[in-house]
Every structure is written in C-alpha cells, then in structure tokens.
Amino acid sequence: MPPDSFYFSIARDPATAAESAFSYYRAAVPAFRRAPSRSAFLLSPSLYYQPGLKGNHYARNLLWFDFGLPDVSPSNGTAVTAAIGALDAVFPLVLLAEYFDESLVLLRHALCWPREAVVAFPQNGRAKNSVRPLSGRETERLREWNALDWALYVHFNRSFWRKVAEFGPRRMREEVERLRGRREALARRCLRGGGPLPGPSITDGKLKPFQPGRGAAAVVGYALRADLGPAERERCERMATPELQYKDRLERKQFGAMDPPLGVLDPPLGATDLPLGTMGPLLEQICASVSP
C-alpha cells in the first residue's frame with residue numbers, strides 16, 4: 001500500500017458480538033453446535049470449545065483473531081498491552097459498532113469526505129423478534145470468556161471518545177442529526193415501506209439477504225419502490241444491496257467480469273463463513289459516491 005494510506009477498523013462489545021455470532025454461526029461452529037442452547041454454552045463454554053478446531057475461532061476472541069494478533073494469555077498484561085499498542089501504530093481511527101453514526105462522522109472528517117459519502121442503510125440486521133437480549137450476568141460471562149476482545153474494546157472505546165471530545169460533543173450531535181435525517185429521507189424515497197422488510201418478502205435476488213438457516217437469526221433486508229427513475233434506482237439499489245451481493249460487485253469492479261459470476265459457486269455460508277459487519281458494502285458505496 002502507498003505510504004500515506006489511511007487504515008481504520010471497527011470494534012464491537014464482545015458480549016453482543018458473541019451473542020450475534022452464536023445466532024448467525026450456530027450451524028457452522030463446532031463449539032456452538034455442541035451446546036444445546038445459548039444458555040448452556042454461557043454456563044460452561046469450555047465444555048464445548050476445543051481450541052484449534054476449524055471454525056471455533058468464531059467462538060472466542062474473534063476480534064483479536066481478526067486483527068491477526070498473537071495468541072497470548074489474557075492474564076499476561078504486558079503481552080496484551082504490547083499487542084494493542086501495535087494496533088495503535090497502524091490504525092489512527094477505530095470505529096465503534098454501537099456508535100456507528102458517530103463513527104461515520106469521525107471517518108468522513110478524517111478523510112475529508114462530503115457528508116453524502118457516508119449516508120448508508122444498515123445491513124445484515126436481524127428481525128427484532130429473533131433477538132433475545134442478554135442479561136447482565138450473561139454479558140459479564142461473555143466478556144470474561146472473550147477477555148482479549150474485551151481488552152481491545154475497552155481500549156478502543158476510550159480512544160474513540162477522546163476523539164469525540166476533540167471533535168466537540170455539540171458538533172458531533174449536530175452532525176449525527178443531519179446524517180440520520182438524510183438517511184431517513186433517502187429511506188422514504190428509496191425503499192418500499194420506508195425501511196427494512198423480512199427477508200422472505202424480498203423477491204429480487206440482487207437485494208435478497210442471506211438467511212443463516214433453520215433456527216438461526218432472521219435477517220432483514222430492503223426492497224425498492226417501483227416508481228424510481230433510472231438514476232435514483234441505481235443509487236438506491238447500491239444502498240440497499242446486501243453485503244454478499246456487494247462482495248461480488250466489488251470483486252467484479254476490482255478484477256473484471258468472471259465466468260461464472262463470483263458467488264454463484266460459493267459454498268453456503270453456513271458451511272464456511274457468515275459476515276457480521278457492514279463495512280465492506282459501505283466502503284464501496286462511499287467510493288462510488290465520491291468517484292468522478
């Protein structure tokens with residue numbers, strides 16, 4: 001990469017990230033499959049978890065794994081601090097999933113982007129009736145089990161709010177309000193029903209979200225209004241496209257057309273990977289918005 005490249009990433013509370021992972025990855029992760037329920041896994045995760053088993057990296061300290069950090073003991077404070085410090089040297093900005101709009105404001109100012117470049121519809125969300133909130137004790141257990149991720153999150157949470165303080169809390173509130181207002185206006189204009197819809201009700205294959213499988217999370221998506229003109233439809237479709245289809249779009253844009261189209265022969269995600277984040281499609285939407 002060029003020496004002036006700007007690197008950023010995102011962190012999420014490991015408790016809610018683990019709850020989401022259990023829901024999405026239940027069929028793909030041995031540690032989750034072996035547990036009869038989420039409650040059983042939380043009571044004794046080590047009973048079901050076998051380190052090194054393919055797929056089990058999703059079941060413990062996934063953020064630490066995704067950052068490519070060395071396998072260290074959470075009790076080794078010196079090693080944990082050193083690993084986190086190495087990330088600070090690479091990433092001048094780490095976003096927070098729980099404060100995604102505030103994160104987008106910081107990102108656009110760090111990169112001198114226009115506001116329109118970071119207006120996006122949330123992707124890969126679950127239907128509210130398929131989410132069972134964690135209790136306080138469950139949250140504590142998951143943070144203990146994912147102690148390395150919790151150390152990362154605490155660190156990046158502090159650095160994030162320092163940046164917000166430097167940016168100005170009042171200025172941040174105003175920026176977030178404008179961002180949300182623009183998103184809501186585009187949702188009313190672009191989307192059938194003005195917001196997310198159950199996955200089974202979306203018939204357009206380009207917009208239909210992947211469903212993890214029987215007994216797993218119910219993922220919502222978007223359908224476009226029928227009265228959109230060509231230019232509006234193109235923009236609205238980009239914003240409403242789920243991340244798997246956007247991955248294929250990105251790869252075609254980067255590498256050119258392939259035969260067969262990327263994704264057609266990909267194995268079901270239940271057998272390999274299932275994305276939890278939204279940054280991939282967001283980045284392409286951002287780049288497309290600001291390109292000449």
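Values quoted throughout were computed directly from the atomic coordinates according to the rules given, and no laboratory measurement underlies them. On a predicted model such as this, the values are computed, not experimentally measured, just so you know. So basically every Cβ, Gly included, is an ideal-geometry build from the backbone, and we count neighbours across all protein chains shown.
With a simple spin-label model that places each label point 7 Å from the Cα along the Cα-to-Cβ direction, the separation between Phe167 and Asp204 comes to 3.1 nm.
For log10 I(q)/I(0) by the Debye sum over Cα atoms at q = 0.12, 0.15 Å⁻¹, the candidate list reads (i) -0.98, -1.11; (ii) -0.84, -1.16; (iii) -0.89, -1.39; the entry that matches the value derived from this model is (iii). Over segment 8-290, Cα pairs under 8 Å with separation of 6+ residues give a relative contact order of 24 percent.
The local environment of Tyr153, defined by Cβ-Cβ distances under 11 Å, has a net charge of 0 under the rule Lys, Arg +1 and Asp, Glu -1.
Of the residues Tyr48, Tyr7, the one with the fewest other Cβ atoms within 10 Å heads the list, and the complete ranking is Tyr7, Tyr48. Considering only Ala97, Ala35, Val72, and ranking their Cα positions along the charge dipole of segment 1-111 that arises from unit charges at the beta-carbon of Lys, Arg, Asp and Glu, the one farthest toward the positive end is Ala35. Less than 5 angstrom separates the built amide H of Leu93 from those of Ser9, all sequence-distant by 5 or more or on a different chain. Evaluating 6.51 cos²θ - 1.76 cosθ + 1.60 at θ = phi - 60° for every residue in segment 247-256, the Karplus couplings come out as 4, 4, 4, 4, 5, 5, 5, 7, 10, x Hz, glycine and proline recorded as x. Counted by Cβ distance under 14 Å from Pro74, the other residues give a net charge of -1, where Lys and Arg count +1 and Asp and Glu count -1. Each Cα pair under 8 Å and six or more residues apart adds its sequence gap; the mean of these over the residue count of segment 54-189 is a relative contact order of 37 percent. Per-residue Karplus couplings for segment 152-159, computed as 6.51 cos²θ - 1.76 cosθ + 1.60 with θ equal to phi - 60°, are listed in order as 4, 5, 4, 4, 6, 5, 5, 5 Hz, Gly and Pro entered as x. Residues whose amide H falls under 5 Å from that of Leu224, counting only those 5 or more places apart or on a different chain, are Arg192, with hydrogens built in the peptide plane. Across segment 83-94, rounded Karplus estimates of 3J(HN,Hα) from the backbone phi angles (6.51 cos²θ - 1.76 cosθ + 1.60, θ = phi - 60°) give 5, 5, x, 5, 5, 4, 6, 9, 10, x, 9, 10 Hz, Gly and Pro being marked x.
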